[in-house]
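Reading through the structure tokens given below for one structure.
The values are calculated or read from the model by the stated rules, or taken from the named source; none is laboratory data. All of these numbers come straight from a predicted model, not from anything done at the bench. Heads up, the Cβs are rebuilt from the backbone with ideal geometry, glycines too, and the neighbour counts pull from every protein chain shown. Surface accessibility is based on the protein's heavy atoms, side chains included, excluding ligands, DNA and RNA. Shrake-Rupley method; radii C 1.70, N 1.55, O 1.52, S 1.80 Å.
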Amino acid sequence: MATDEQRDALALAFQQTDEMEDWDDFVLQCKKILEADPEANTIAVPAAFLRRVILDIGATPLMFTAYRDRFNQLCDELGIPEEKRKG
């Protein structure tokens, strides 16, 4: 089992990867645009980020809380709560 120090080193190493740099840039850019224009209809997505995640996003929308919540709401509405997905 990993020690706290090993977990901290892992988190730091992961934060310094190109993948996390793409993620951080994406999140920061989106937050800035939405703060400046809360009614914005579109946001340009950095291509580097999109290349890394589009297959996952397209295949597993239930990884996102908003989509999972709506899916679970429909499970209740349709009388099949056993099909709900956990986060």
| said: With a cap of 12 neighbouring Cβ atoms within 10 Å, and only residues DSSP puts in a loop, list the GluC sites (Glu not before Pro) found in the range 1-83. | reply: Glu39
| task | Helix by helix through the chain, keep the DSSP H runs that span 15 Å or more along the axis on Cα and average at least 0.5 on Kyte-Doolittle, and give those back in order. | result | 47-59
| query | What is the distance, in nm, between label points placed 7 Å from the Cα along the Cα-to-Cβ direction at Leu28 and at Gln16? | reply | 1.7
| Roughly how big is the chain's charge dipole about its Cα centre, with Cβ charges of +1 (Lys, Arg) and -1 (Asp, Glu), in debye to the nearest 20? | 280
| task | On the full set of protein chains, 1.4 Å probe, figure out the accessible area of Leu78 and give it in Å² to the nearest 10. | result | 130
| said: With a 1.4 Å probe and all protein chains left in place, how much accessible area per residue does the chain have, in Å²? | reply: 84
| request: Measure off, as a whole percent, the carbon and sulfur share of the 1.4 Å-probe accessible area of the chain, all protein chains present. | output: 58
| query | Which of rounded, prolate, oblate describes the range 11-58, given a ≥ b ≥ c as roots of the alpha-carbon gyration tensor eigenvalues and a/c under 1.5 marking rounded, otherwise prolate only if a/b is larger than b/c? | reply | oblate
| Gain in length, Thr3 to Arg51, computed as 0.36 nm per residue apart minus the alpha-carbon separation, to one decimal in nm? | 13.9 nm
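DSSP loop trypsin sites (Lys or Arg not before Pro) in the chain with at most 12 other Cβ atoms within 10 Å of their Cβ, which ones?
On the way: sites: Arg7, Lys31, Lys32, Arg51, Arg52, Arg68, Arg70, Lys84, Arg85, Lys86; in loops: Lys84, Arg85, Lys86.
Of the trypsin sites (Lys or Arg not before Pro), the ones in loops of the chain whose Cβ has at most 12 other Cβ atoms within 10 Å are Arg85, Lys86.
According to the square roots a ≥ b ≥ c of the eigenvalues of the Cα gyration tensor, what is the shape class of the chain, taking rounded for a/c under 1.5, prolate for a/b larger than b/c otherwise, and oblate for the remainder?
Values: a/c = 2.30, a/b = 1.22, b/c = 1.88.
Judged from the Cα gyration tensor, the chain comes out oblate (a/c at least 1.5, b/c at or above a/b).
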| Separation between Cα centres of the range 54-87 and the range 1-41, rounded to whole Å | 24
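Taking the Cβ-Cβ separation of Ala40 and Thr65 as r and a Förster radius of 25 Å, what is the calculated FRET efficiency to the nearest 0.05?
Efficiency computed from Cβ-Cβ geometry: 0.75.
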| If you average the sequence gap of Cα pairs under 8 Å that are 6 or more apart and divide by the length of the chain, what percent do you get for the contact order? | 17
